[in-house]
C-alpha cells in the first residue's frame with residue numbers, strides 16, 4: 001500500500017494534534033522547523049527537518065520524505081518558503097491566504113473586497129497617524145500592529161485623549177490598523193473546511209471568552225444561537241473560501257452586534273477555538289483539515305452534546321475533576337503559556353456552565369482566571 005505523507009511547516013501543538021488525529025487514517029507526517037523553533041511538541045510523530053537560511057528547497061523537500069502535500073500550522077509562516085515548496089507539491093492553504101491573514105490591513109482589505117463586513121478601520125504608520133485615525137473614528141478605538149500581534153500583544157485599547165497619550169512610547173514606526181470600537185454582545189467563531197473541488201463543511205458556532213487578550217474558554221454550540229446567525233456565519237465563511245479558492249480549515253472570528261455579524265479576524269489553519277471538536281464532534285477540525293488537503297471525503301461535523309474547551313494557561317497538571325479529555329502539549333512551563341487544554345461535555349448548556357465554573361476554579365483557584 002502506498003503511504004500518504006503530509007508535510008507541516010511548524011512544530012507546535014497544532015502540528016502535534018494534526019498528526020495525532022490523522023495518523024489513524026494511515027497518514028505519515030514530517031515537520032519543517034524554521035530557525036531556532038522548538039520541536040518538542042512533535043517529537044516522535046515524524047521526521048523533523050530544520051530549514052536554515054539559504055537552504056536548498058529541493059533538498060528540504062526530499063529530507064521531509066517528498067510529501068504529497070504541504071500545509072502550515074500558523075499564519076506567521078514565511079510565505080516565500082511556501083511558494084518555493086509549491087514547485088514540488090501542492091501547498092494548502094495556498095501561500096496567498098497566509099500573505100493576506102498575516103497582515104491585518106491586507107486581511108481587512110481582502111474581507112471587504114469579498115463584500116463582507118468588518119468594523120470601520122484606518123491604516124496608520126506612526127503615532128501621529130494613529131492620533132489622526134482615532135480622531136476620525138472616535139473613542140473607543142483599538143490600535144493593532146499589522147504584523148506580530150496576537151494574544152493581546154502589540155494591541156491597545158484607547159478610550160480617551162489621556163489613554164492615547166499614554167501609549168506614545170509603546171508604538172513605533174510600524175504599520176498599524178486603527179479600528180473603531182463597536183458595541184458587541186459576544187465573540188463567536190466558525191470553523192470550516194473546504195476541498196480543492198469546492199466541497200465545504202462547517203462546525204457549530206463557538207462562543208469565545210478571552211482573558212487579557214488570550215482565549216480562555218470556547219463553548220460550542222454557542223448558547224442561544226439561532227439558525228439565522230449560524231447560516232449567516234456559514235455564508236460569510238463560504239464566500240471567503242470560494243473567493244480565495246481555499247483548501248483546508250479556515251477559522252473566522254466574529255463580533256455579534258445589533259446590526260449583525262462583523263468579521264474580526266481570520267486564521268488559515270486549525271484554530272484554538274476549534275479544539276473542542278477533538279471530543280465534541282464526530283470528526284475533529286484536525287482530521288478534516290488533513291482530509292481536505294489530501295482530497296479525501298470530509299468527515300461529519302455534527303456535535304451531539306454541548307462541549308467546551310478550556311485553555312490551560314500556565315498550568316500543566318491534569319485536573320482531577322471529571323472531564324472528557326486533557327491534552328498536554330509537552331511544552332516547558334511559563335506563566336500564561338498555552339500548556340494544554342481540557343474538554344468537557346454535558347447534556348445541557350446549563351449543566352455544562354456549572355461544570356465549566358468548577359473546572360476553572362480547579363485550574364486557577366478562586367479567581368477562576370490565570371495568574
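The values are calculated or read from the model by the stated rules, or taken from the named source; none is laboratory data. Everything numeric here is computed off the predicted structure, so don't read it as measured data. Ideal geometry is used to build each Cβ from the backbone, glycine not excepted, and the neighbour counts take in all protein chains shown.
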> When you go through 44, 65, 35 one by one, which is the residue that is at pLDDT 95 or above, closer than 27 Å to residue 339 by Cα and not assigned by TED's automatic domain parsing to the domain that holds residue 194?
Replying inline: 44
>> Regarding region 109-123, can at least one residue be identified that is outside the structural domain of residue 266 (by TED's automatic domain parsing) and at pLDDT below 95?
In response: no
>> Looking for something crowded, with 19+ Cβ neighbours inside 10 Å and in a strand (DSSP E or B) - is there at least one such residue anywhere in region 93-108?
In response: no
> Going by the structure shown, is residue 257 modelled with pLDDT of 95 or more and farther than 22 Å from residue 291 by Cβ?
Replying inline: yes
> For region 279-293, which residues satisfy the criterion of being closer than 15 Å to residue 16 by Cβ and more than 15 Å from the chain's Cα centre (by Cα)?
Replying inline: 287, 290
>> Can you tell me which condition residue 77 does not meet? The list is (1) modelled with pLDDT under 95; (2) over 23 Å from residue 332 (Cβ atoms); (3) crowded, with 17+ Cβ neighbours inside 10 Å, and all the others hold.
In response: (2)
>> Which condition from (1) surrounded by 15 or more Cβ atoms within 10 Å (Cβ to Cβ); (2) farther than 30 Å from residue 70 by Cα; (3) free of Cβ contacts under 8 Å to residues at least 24 places away in the same chain is the one that residue 350 breaks?
In response: (1)
>> So, in region 1-26, exactly how many residues are buried (at least 22 other Cβ atoms within 10 Å of the Cβ) and assigned to a strand (DSSP E or B)?
In response: 4
> Is region 164-172 home to any residue that is at pLDDT below 95, over 22 Å from residue 274 (Cα atoms) and crowded, with 16+ Cβ neighbours inside 10 Å?
Replying inline: yes
> Does region 133-146 contain any residue that is touching a helix residue (DSSP H, G or I) at 6+ places or on another chain (Cβ under 7 Å), surrounded by 15 or more Cβ atoms within 10 Å (Cβ to Cβ), under 28 Å from residue 238 (Cα atoms) and outside the structural domain of residue 243 (by TED's automatic domain parsing)?
Replying inline: yes
>> With the requirement that a residue be under 21 Å from residue 117 (Cβ atoms) and out of contact with any helix residue (DSSP H, G or I) (no Cβ under 7 Å at 6 or more places or on another chain), what does region 165-183 give you?
In response: 179, 181, 182, 183
>> Being farther than 23 Å from residue 9 by Cα and crowded, with 24+ Cβ neighbours inside 10 Å is the filter here; which residues of region 281-307 pass it?
In response: 306, 307
>> Filter region 338-370 down to the residues that are under 19 Å from residue 276 (Cα atoms), in a loop (DSSP other than H, G, I, E, B) and in contact with a strand residue (DSSP E or B) (Cβ under 9 Å, 6 or more places away or on another chain) and list them by number.
In response: 346
>> If I filter region 200-218 down to residues being modelled with pLDDT of 95 or more and in a loop (DSSP other than H, G, I, E, B), which single residue comes out as surrounded by the fewest Cβ atoms within 10 Å (Cβ to Cβ)?
In response: 204
